[in-house]
Amino acid sequence: MPRTSRGLRGRFIYHVYNRGNNRQRIFRTEEDYQFFVELMANAKQIHPVKIFAYCLLPNHFHVVLQAEEVGDLSGWVQWLLGSYTHHHHQIHKTEGHLWQDRFRSFIVQEDAHFLSVMRFVEGNPVRRGLVEFADQWPWSSHQENIGKKERRIVCPGPIELPPFWAEFVNSPILNAELTRLQECELRQSPYGDPVWQFEFSRKFGLEPTIRPRGRPRKKRNEKRNDGNGGPTG
């Protein structure tokens, strides 16, 4: 699988994701969830980022953020994951790899696609059947973004959330949109308008992340070589 260039560290908006090694549970108690939220806030003091959305689930997490300076994205995530690993090993008497791999990320176009990613992240607990409504899950940014939580670690995004944000997050995502988001998550390809996605990928060397999978199909009129210098068929 092609890997996204780690040279991209500008003021882009990223969806960042990671899960527990072998899909193990990484948040076992309420204290674990709360500790991770506090770490996200503390990490911003060391590696400045703007957090727009997040969601912590039993064996993985999602964050939508924007790095302030070159290098802040990797620095923020690595400090966060390393600090939480130390906490987890110390509290739960574990050892070894806690996280599946290095974090995955994809860049998000700053238009309606940004709202789509925000909705995707905050609606995760509903889609997974953990709660009926997104504001019932305390370990995401949704309560912050609808004004139900006083302490905020999220910042206003480049696009203002619509007044019906809670209803929008709770409503089902169309299958085509969900599939595309999951594909970007898997392949670390930029998420946005197809023209923007193509031009952005070409400009920053991310073409492998948007190419069709598998070998290129042969043209119908293409002759196959029979191994003796002559065509077959």
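For Tyr191, which sequence-distant residues (separation of 5 or more, or a different chain) have an amide H within less than 5 Å of its own amide H, given hydrogens modelled in the peptide plane?
Ile107, Val108, Gln109
What number, in percent, do you get for the relative contact order of segment 13-212 if the mean sequence gap of Cα pairs under 8 Å and at least 6 apart is divided by its residue count? Don't skip to the answer; put the middle values down first.
Numbers: 281 pairs, mean separation 48.6, N = 200.
Contact order relative to length: 24 percent.
Determine the alpha carbon to alpha carbon distance for each of Lys93/Lys148; Lys148/Lys203; Lys50/Lys203 and list only those over 32 Å.
Details: Lys93/Lys148 35 Å; Lys148/Lys203 41 Å; Lys50/Lys203 25 Å.
Long pairs (Cα-Cα over 32 Å): Lys93/Lys148; Lys148/Lys203.
Helix-only mean residue ellipticity at 222 nm, the chain, DSSP H runs n ≥ 4 weighted -39,500 (n - 2.57), per residue, nearest 500. What is it?
Numbers: 8 runs with 86 residues, N = 233.
Result for the chain, helices only: -11000 deg cm²/dmol.
For Lys203 and Ile159, compute 0.36 nm times the residue count separating them, minus their Cα-Cα distance, and round to one decimal in nm. All intermediate terms of the calculation are to be shown ahead of the outcome.
Values: separation 44, 0.36 × 44 = 15.84 nm, distance 2.43 nm.
That pair, Lys203 and Ile159, stretches by 13.4 nm at full extension.
Where a Cα-Cα gap under 14 Å defines reach, which aspartates and glutamates qualify for Lys149, not counting those fewer than 8 residues away within the same chain?
Within the straight-line cut-off, Lys149 pairs with Asp135.
I'm checking a number: the convex hull volume of the Cα atoms of the chain, normalised per residue, in Å³. What is it? It would help to have the intermediate numbers written out before the result.
Numbers: hull volume 40.0 nm³, N = 233.
It is 172 Å³ per residue.
Please list 3J(HN,Hα) in residue order for segment 113-128, calculated via the Karplus relation 6.51 cos²θ - 1.76 cosθ + 1.60 where θ = phi - 60°; whole Hz, with x for glycine and proline.
For segment 113-128, the Karplus-derived couplings read 5, 4, 5, 4, 5, 4, 5, 4, 5, 6, x, 4, x, 6, 4, 8 Hz, x marking Gly and Pro.
Using alpha carbons only, how many angstrom separate the centre of segment 47-67 from the centre of segment 123-156?
One Cα centre to the other: 12 Å.
To two decimal places, what compactness ratio does segment 128-220 give when its Cα radius of gyration is scaled by 2.2 N^0.38 Å?
Details: Rg = 18.1 Å, N = 93, 2.2 N^0.38 = 12.3 Å.
Segment 128-220 yields a ratio of 1.47.
Just grab the label-to-label distance for Ile46 and Arg11, each label 7 Å out from Cα along the Cβ direction, in nm (one decimal).
Taking the two extended label points, one gets 2.5 nm.
Please grab the % of Cα pairs in segment 1-134 that end up more than 17 Å from each other. Before the final figure, lay out the partial values.
Values: 5337 of 8911 pairs.
Cα-Cα pairs in segment 1-134 separated by more than 17 Å: 60 percent.
Compactness ratio of segment 95-180: Cα Rg over 2.2 N^0.38 Å, N = residue count?
On the way: Rg = 14.3 Å, N = 86, 2.2 N^0.38 = 12.0 Å.
Expressed relative to 2.2 N^0.38 Å, the Cα Rg reads 1.19.
Multiply the residue gap between Glu95 and Glu31 by 0.36 nm, knock off their C-alpha separation, and tell me the result in nm, one decimal place.
Working: separation 64, 0.36 × 64 = 23.04 nm, distance 1.90 nm.
Going from the current span to full extension adds 21.1 nm.
By average Cβ neighbour count within 10 Å, what is the ranking of 112-120, 149-157, 39-47, 189-197 from highest down? Please report the intermediate quantities before stating the final value.
On the way: 112-120: 20.8, 149-157: 13.6, 39-47: 16.1, 189-197: 17.7.
Going by the mean number of other Cβ atoms within 10 Å, highest first, we get 112-120, 189-197, 39-47, 149-157.
Between helix 175-187 and the chain, what is the angle of the helix's C-alpha long axis to the longest principal axis, kept within 0 to 90° and rounded to the nearest 10?
90
For segment 16-89, treating each Cα as an identical point scatterer without solvent, what Debye log10 I(q)/I(0) comes out at q = 0.16, 0.26 1/Å?
Treating every Cα as an identical point scatterer, log10 I(q)/I(0) equals -0.53, -1.33.
We did not get these values from a lab; they are worked out from the coordinates using the rules stated. None of the values given here were measured: they were computed from a predicted structure. Quick reminder, even Gly has a Cβ in these numbers, built from the backbone with ideal geometry, and neighbours come from all protein chains shown.
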